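Worksheet: the structure to be examined is printed underneath.
Laboratory data are not the source of any read-out in this text; all were calculated from the coordinates shown. A quick note: this is a predicted structure, and the numbers were derived from the prediction, not measured. With ideal geometry, Cβ positions are generated from the backbone for all residues, glycine too; neighbour counts draw on all protein chains shown.
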Amino acid sequence: MEKATKHFIKTIIENDLKKNTTITTRFPPEPNGYLHIGHAKSICLNFNMAKQFNGNCNLRFDDTNPAKEDQKYIDSIISDIKWLGFNWGDKIFYASDYFDKLYDFAVDLIKKNKAYVCSLSSEDIRKYRGTLTESGKNSPYRERTIKENLDLFSKMKNGDFIDGAHVLRAKIDMKSPNINMRDPVIYRIKKMSHPRTKDKWCIYPMYDFTHCISDSLENITHSLCTLEFEDHRPLYDWFLETLKTLCHPKQIEFARMNLTFTVMSKRKLQKLVNNNYVTSWDDPRLPTIAGLRRRGYTSFAIRNFCETIGVSKKESRIDMELLETLLKDDLNEKAPRAMAVLNPLKIVIENWDKNKIQQLDAFNHPQKKEMGTRKITFSKEIFIEKNDFMEDPPNKFFRLAPKKEIRLKYAYYITCKKVIKDEKTGEIKKLICTYDPKTKGGTSKDKRKVKGTLHWVSANDCINAEVRVYDRLFSMENPETSNSENLKNNFIENINPNSLKIIKNAKLEKSLLNAVPEKVFQFERLGYFCVDSKDSKPDNLIFNRTVPLRDTWAKIKK
RNA sequence: UGGGGCGUCGUCAAGCGGUAAGACACAGGAUUUUGAUUCCUGCAUUCAGAGGUUCGAUUCCUCUCGCCCCAGCCA
């Protein structure tokens, strides 16, 4: 299991636990988009706190706005949380299940003279609200009688008015320095079918009213949310105090997660999807849970990451490299090794019999012998990686070059004898090499040093595949910043044009024919790869590059 | 310029009056049939800044500076 780090919320809970016996948290997504890794932070926090302290965490959909929400998002969210490895018993909660109770609470508020029906247009409500520096002024409808308010609210519910004709507002303080307290709207008329309640309602409660009451009804003890709701806490508390609810949860805010080289808001992700900068919500370049999953990320790595980064109130942008390191840590343990050549260069072994084919043994994991071995085919013609050969190599180039001897992993030592080029273009067509028969398996009795070991694939016994080489979606650590003054905050211009390179004719060792989606392999010396769950077909294999291996050589070259 | 937050290594992050944990990154070195992995070693005399209280302050007080959020009938 992941390590557990100390953070301020845990401290608060530990202290509260001295008085109470148990805690209950909740994860309250709005079903209006796909979950991303920022949500994973909240999911891990809420579910792990509950688990660590023997409490419960409710999954509750905050579905109060039918204009934006959809069943397909409910389904994707459920599937993503399950994949992340969290459970919530039998019951899934929905704010919409509380619509009747919420209505009663609103009536109660009116009866307490703490809410009123306001008939100002939305534009006028905005004007009356004042600004950050000027206080607001009372709505002319603020002093309607309780009876009148009750009657109007009932008519709103019955569908007697058109959208926008009236709203129900809490009666708090138009002069409050906190704008959220300036008589916030708590119910609006929206003649719209709801994914779950269908046409039962034509008025829908707003977030601030719904959320605290939902928490209270579920006996939530700790309501964890992000920093931007800090200003809403007085309102959260006001509703529960005014309504004298039995349970008054503690709202605690923490900073949302940001990652380098990506964007995290639903709005921005939506834009990338809708304008086809990526293919879909589960595009492997996106930080969505579905995208990361398709890319080959493990849920363990994501959970571990969420634990590692900690929880605080400081706004931060975490290095993508940390996520990738944690992923590679996990994959290094679990992923079986295989050989694949992405950019093939043919080698002909001069002194190997034309028709001879040999099966060699290869370990599936160099450090874990219990993962077994497999057979790989060796033959006269093989492929190596184009950039593993240089005609005129620099110092410390531990790969193949004219007259140099290197090792083909698990096979033989070979020496490059001749370079065949295209007469016109000068492009290297193939290499003629010799092998040393006394080095089968990749060792020699004379303990002679060979500095380089290359991966390779038999030319006659390999499979062709498409490989999608993914890179970061943006070319700047913070895509929101801009170089050009007049294009401030246009993250689109910072999209990395090379975020996806498609390699059509990669050559893979035969055993990879059995690969299934989400099963990640390490292609030796290259990185981690997995079969694409959407587009790959048995007769047209497609692999995604999950993450490349650390490449010290690439660094030295620079 | 109203209100609410936040400022500890390049990036996260512990620390809660007793003299700066850890992780990632980075730099060296060792081992290696992946220039992978693993393994050592190094990496903040200083906690946004300035004052003050104290024997002693990143921790308490004051002021200053910087950054973020709030004016949806979104959540």
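Lys/Arg Cβ at +1, Asp/Glu Cβ at -1, dipole of chain A taken about the Cα centre: which of A:ASN48, A:TRP88, A:PHE529 is farthest positive-ward?
Final value for the positive-end residue is A:PHE529.
Leaving out same-chain residues fewer than 8 places away, which lysines sit with a Cα under 16 Å from that of A:LYS68?
Of all the lysines, those that pass the test against A:LYS68 - Cα under 16 Å, at least 8 places apart if same chain - are A:LYS190, A:LYS191, A:LYS198, A:LYS266, A:LYS268, A:LYS271.
Tell me, in nm to one decimal, what length is gained between A:LEU513 and A:THR131 on full extension, where the rule is 0.36 nm per residue of separation less the Cα-Cα distance?
131.1 nm
Treating only the Cβ atoms of Lys and Arg (+1) and Asp and Glu (-1) as charged, compute the dipole magnitude of chain A about its Cα centre; round to the nearest 20 debye.
Using Cβ point charges on Lys, Arg, Asp and Glu, chain A gives about 2020 debye.
Computed over the Cα atoms of chain A, what is the convex hull's projected area averaged over all directions, in nm²?
33.0 nm²
By its C-alpha gyration tensor, with a ≥ b ≥ c as the square roots of the eigenvalues, how is segment A:70-162 shaped: rounded for a/c under 1.5, else prolate for a/b larger than b/c, else oblate?
Note, shape of segment A:70-162 comes out prolate.
Once you place label points 7 Å from the Cα toward the Cβ at A:PHE398 and A:LYS68, how far apart are they in nm?
Spacing of the two 7 Å Cα→Cβ label points: 5.3 nm.
Which lysines, on any chain, are close to A:LYS368 with Cα under 20 Å apart, when same-chain ones fewer than 8 places away are left out?
Those lysines meeting the cut-off are A:LYS328, A:LYS334, A:LYS409, A:LYS519.
Could the peptides A:21-29, A:109-117, A:498-506 be put in order, highest first, of the mean number of other beta-carbon atoms found within 10 Å of their residues?
My ranking of the peptides, most packed first, is A:21-29, A:109-117, A:498-506.
Suppose every Lys and Arg Cβ carries +1 and every Asp and Glu Cβ carries -1, with no other charges. What dipole size does segment A:1-143 come out with about its Cα centre, to the nearest 20 debye?
For this selection, approximately 620 debye.
Quick check: Cα centre of segment A:523-548 to Cα centre of segment A:414-448, how many Å?
Segment A:523-548 and segment A:414-448 have Cα centres separated by 29 Å.
Any chance you could check the Cα centroid distance between segment A:255-334 and segment A:497-515 for me, in angstrom?
23 Å
As an exercise, use a Förster radius of 35 Å and the Cβ-Cβ distance of A:GLU321 and A:LYS424 to find the FRET efficiency, rounded to the nearest 0.05.
Efficiency at R0 = 35 Å is approximately 0.20.
To the nearest µm²/s, what D does Stokes-Einstein give for segment A:333-384 at 25 °C and 0.890 mPa s, using the Kirkwood radius over alpha carbon pairs as Rh?
Answer, rounded: 192 µm²/s.
Averaging over all projection directions, find the projected area of the Cα convex hull of segment A:1-146 and quote it in nm² with one decimal place.
Orientation-averaged projected area of the Cα hull: 13.2 nm².
What Kirkwood radius, in Å to one decimal, follows from the Cα pairs of segment A:8-259?
Computed over Cα pairs of segment A:8-259, the Kirkwood hydrodynamic radius comes out at 19.2 Å.
Under 4.7 Å Cβ to Cβ, no partner at all: give me those cysteines from chain A, in residue order.
A:CYS57, A:CYS118, A:CYS202, A:CYS212, A:CYS225, A:CYS247, A:CYS416, A:CYS433, A:CYS462, A:CYS530
What is the magnitude of the charge dipole of segment A:234-369 about its Cα centre, with +1 placed on the Cβ of each Lys and Arg, -1 on the Cβ of each Asp and Glu, and no other charges, expressed in debye to the nearest 20?
About 300 debye.
Quick check: convex hull over the Cα atoms of segment A:477-558, volume per residue in Å³, rounded to an integer?
153 Å³
How long, wide and thick is segment A:338-461, going by the Cα atoms along their three principal axes, in whole angstroms, largest first?
Principal-axis extents of the Cα atoms in segment A:338-461, largest first: 50, 33, 26 Å.
Give me a comma-separated list of calculated 3J(HN,Hα) values for segment A:449-464, in order, Karplus coefficients 6.51, -1.76, 1.60 applied at θ = phi - 60°, integers in Hz, x for any Gly or Pro.
7, 10, 7, x, 10, 10, 8, 7, 8, 5, 5, 9, 9, 10, 10, 8
Enumerate the calculated ³J(HN,Hα) couplings along segment A:522-530 in order (Karplus 6.51 cos²θ - 1.76 cosθ + 1.60, θ = phi - 60°), each rounded to whole Hz, writing x wherever the residue is Gly or Pro.
Per residue, the Karplus-derived 3J(HN,Hα) values read 9, 7, 3, 6, 10, x, 9, 9, 8 Hz.
For A:ASP539 and A:THR308, FRET efficiency with R0 = 51 Å and r from the beta-carbon atoms, rounded to 0.05?
Rounded to the nearest 0.05, the efficiency is 0.80.
Would you mind checking which residues have amide H under 5 Å from A:PHE27's amide H? H placed 1.01 Å from N; only 5 or more apart, or other chain.
A:ASN58, A:LEU59, A:ARG60
Quick one: net charge of A:ARG188's neighbours, Cβ under 13 Å, K/R +1, D/E -1?
+2
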